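A.B. asks: Please read through the structure below; I'll follow up with questions.
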Amino acid sequence: MKVKMLSRNPDNYVRETKLDLQRVPRNYDPTLHPFEVPREYVRALNATKLERVFAKPFLASLDGHRDGVNCLAKHPKSLATVLSGACDGEVRIWNLTKRKCNRTIQAHEGFVRGICTRFCGTSFFTVGDDKTVKQWKMDGPSYGEEEEPLHTILGKTVYTGIDHHWKEAVFVTCGQQVDIWDEQRTSPVCSMTWGFDSISSVKFNPIETFLLGSCASDRNIVLYDMRQSTPLKKVILEMRTNTICWNPMEAFIFTAANEDYNLYTFDMRALDTPVMVHMDHVSAVLDVDYSPTGKEFVSASFDKSIRIFPVDKSRSREVYHTKRMQHVICVKWTSDSKYIMCGSDEMNIRLWKANASEKLGVLTSREKAAKDYNQKLKEKFQHHPHIKRIARHRHLPKSIYSQIQEQRIMKEARRRKEVNRLKHSKPGSVSIVSEKKKHIVAVVK
């Protein structure tokens, strides 16, 4: 009589220690798993629902200012240090980890119009309504010393913005004209102007560091070359641009925040057509800042909300608002790409998560694996109508919601009018203008 013996190797199924996971034998033959796709769809649906359940982006509110927060600046070396300037001339230096104010300086009389840090992080510059540019030490005064600026430059006109070069001891201010300064001198190295209106914002390019971009109140965005000390070219839009921000990963790309509720991403080599028009705000866009990855940017608006846009999409992926937050004047994306700060005119600085449902703190390896798996599932089924609807849905304040509906009706009416005009005109007499080219008046070189 034959006896068949079953022999199994214990190494294949016995755990080495109690802490190890149980080994589960799996056969990946697709014929044995006929319901794999429906099962994955249910998991993707649950992951999407849980993401919306855990979407709690608001982290902290830094209060202490006695007037609206007008400008923010990041420390180039320290993730936890943030500088803010208020409308009463006060500058505060904050520690984000402790969520406390380290230092308070009465820097100017009237508004603090701009604030920027030196590339090494040892000092920072402020400009205000009192026509001065001041340089301050980043570290506080030692015991017994008074709070005094390192240097003070008295100008002839009010300065409305300031930015520091990314590698050299050079900074730029704007007001009636764009002035480039050497840190060791009390008069500008060179002054550039094109047009007669006041310039509201100026920014150095982080990659091609000799390039500058500025926006003026006569609806211009002007590009300058520091080496030639001349303006390169300008683009004139239909409405005024409040500020611009350069993409930190692509040298020629910048985004402009406009009064007509839109943001425009331009390639400086072809200014006649924007690369993308970003539409979602229902009031003037006041500030914009890029993520360090260059893939997304955050915008602050007069409609009391901030929105996160992917660079290549015309619609925002996220909108943040609170009942107490009023008109948002300035916004910054932190250097580790995880958090967003915004300053509004009810005297608070708010800290948000860049990814609303992200879990903070250290993740275990199993949590990381589950997170990556869920992310892949959501990407796989992202175009399914039910999942797409849940992922896209955002609750909006009634004021913003009603304005969106109103603007939708107005846009539809304009589109109908264009179609009717085209229909009842002689062929070729009415040209079709694309949405991207509608808002560009001219490009001057």
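The values are calculated or read from the model by the stated rules, or taken from the named source; none is laboratory data. All values derive from a computational prediction rather than experimental measurement. Backbone-built Cβ (ideal geometry, glycine too); neighbour counts: all protein chains shown. Heads up: the accessible areas ignore ligands, DNA and RNA and are worked out on the full protein's heavy atoms, side chains in. Shrake-Rupley method; radii C 1.70, N 1.55, O 1.52, S 1.80 Å.
A.B. asks: Would you kindly state how much longer the chain becomes between M239 and C120 on full extension, computed as 0.36 nm times their sequence separation minus their alpha carbon distance, in nm to one decimal?
C.D. replies: Working: separation 119, 0.36 × 119 = 42.84 nm, distance 3.69 nm.
Between M239 and C120, full extension yields an extra 39.1 nm.
A.B. asks: Could you point to the residue in G64, C174, N27 farthest towards the positive end of the chain's charge dipole, with +1 and -1 charges on the Cβ of Lys/Arg and Asp/Glu respectively?
C.D. replies: N27
A.B. asks: Using the per-residue mean of other Cβ atoms lying within 10 Å as a proxy for protection, in what order, highest first, do the peptides 132-145, 201-214 fall? Before the final figure, lay out each step's value.
C.D. replies: Working: 132-145: 13.7, 201-214: 20.6.
Descending mean neighbour count gives 201-214, 132-145.
A.B. asks: What's the ranking of 269-277, 338-346 by average number of surrounding C-beta atoms within 10 Å, highest first? Before the final figure, lay out the partial values.
C.D. replies: Numbers: 269-277: 15.6, 338-346: 21.4.
Going by the mean number of other Cβ atoms within 10 Å, highest first, we get 338-346, 269-277.
A.B. asks: Same structure again: Among 400-407, 65-72, 304-311, how do they line up by average Cβ neighbours within 10 Å per residue, starting with the highest?
C.D. replies: Numbers: 400-407: 13.6, 65-72: 20.4, 304-311: 22.2.
Ranked by mean Cβ neighbours within 10 Å, highest first: 304-311, 65-72, 400-407.
A.B. asks: Sort out for me the Cα centre separation of segment 82-101 from segment 319-374, rounded to whole Å.
C.D. replies: 18 Å
A.B. asks: OK, next. Any idea what the dipole of the chain comes to, in debye rounded to 20, about its Cα centre with Lys/Arg Cβ at +1 and Asp/Glu Cβ at -1? List each step's numbers first, then the result.
C.D. replies: Values: 72 positive and 52 negative charges, 584 e Å.
The calculation lands at about 2800 debye.
A.B. asks: Here is a further query. For Cα Rg over 2.2 N^0.38 Å, which listed value, (i) 1.20; (ii) 1.11; (iii) 1.15, comes from the coordinates shown?
C.D. replies: Matching entry in (i) 1.20; (ii) 1.11; (iii) 1.15: (i).
A.B. asks: Considering only protein heavy atoms, what per residue accessible area in square angstrom results for the chain with a 1.4 angstrom probe?
C.D. replies: On the way: 25190 Å² over 445 residues.
The answer is 57 Å² per residue.
A.B. asks: How much length, in nm to one decimal, is gained on full extension between A251 and V430, taken as 0.36 nm per residue of separation minus their Cα-Cα distance? Can you show the working numbers first?
C.D. replies: Working: separation 179, 0.36 × 179 = 64.44 nm, distance 3.74 nm.
Taking 0.36 nm per residue and subtracting the Cα distance, the gain is 60.7 nm.
A.B. asks: Ok, one more. Given points 7 Å out from each Cα along the Cα-Cβ axis, report the L21 to I409 separation in nanometres with one decimal.
C.D. replies: 5.5 nm
A.B. asks: Choose one of N420, P385, I404: the residue whose Cα lies farthest towards the positive end of the charge dipole of segment 364-440 (beta-carbon charges +1 Lys, Arg; -1 Asp, Glu; about the Cα centre).
C.D. replies: Value computed over the given set: N420.
A.B. asks: May I pose another question? Looking at Q184, I329, P248, which one has the Cα that reaches farthest to the positive end of the dipole of segment 59-353 (charges on Cβ: Lys, Arg +1; Asp, Glu -1)?
C.D. replies: P248
A.B. asks: Given Cα pairs under 8 Å that are at least 6 residues apart, what percent is the relative contact order of segment 59-353?
C.D. replies: 13 percent
A.B. asks: Over 29 Å between C-alpha atoms is what I'm after, so list which of K49/K338; K233/K338; K77/K436; K131/K203; K295/K378; K100/K304 land there.
C.D. replies: Values: K49/K338 22 Å; K233/K338 35 Å; K77/K436 38 Å; K131/K203 20 Å; K295/K378 19 Å; K100/K304 24 Å.
Among K49/K338; K233/K338; K77/K436; K131/K203; K295/K378; K100/K304, the Cα-Cα distance tops 29 Å for K233/K338; K77/K436.
A.B. asks: Leaving out ligands, DNA and RNA, and with a 1.4 Å probe, what % of the accessible surface on segment 1-107 is carbon or sulfur? Intermediate results must be reported in sequence, preceding the final value.
C.D. replies: On the way: 4300 of 7770 Å².
So the carbon and sulfur contribution to the accessible surface is 55 percent.
A.B. asks: Oh, and also: Quickly work out the C101-to-K380 label distance, labels modelled 7 Å from Cα along the C-beta direction, and quote it in nm with one decimal.
C.D. replies: With each label point 7 Å from Cα toward Cβ, the separation is 5.2 nm.
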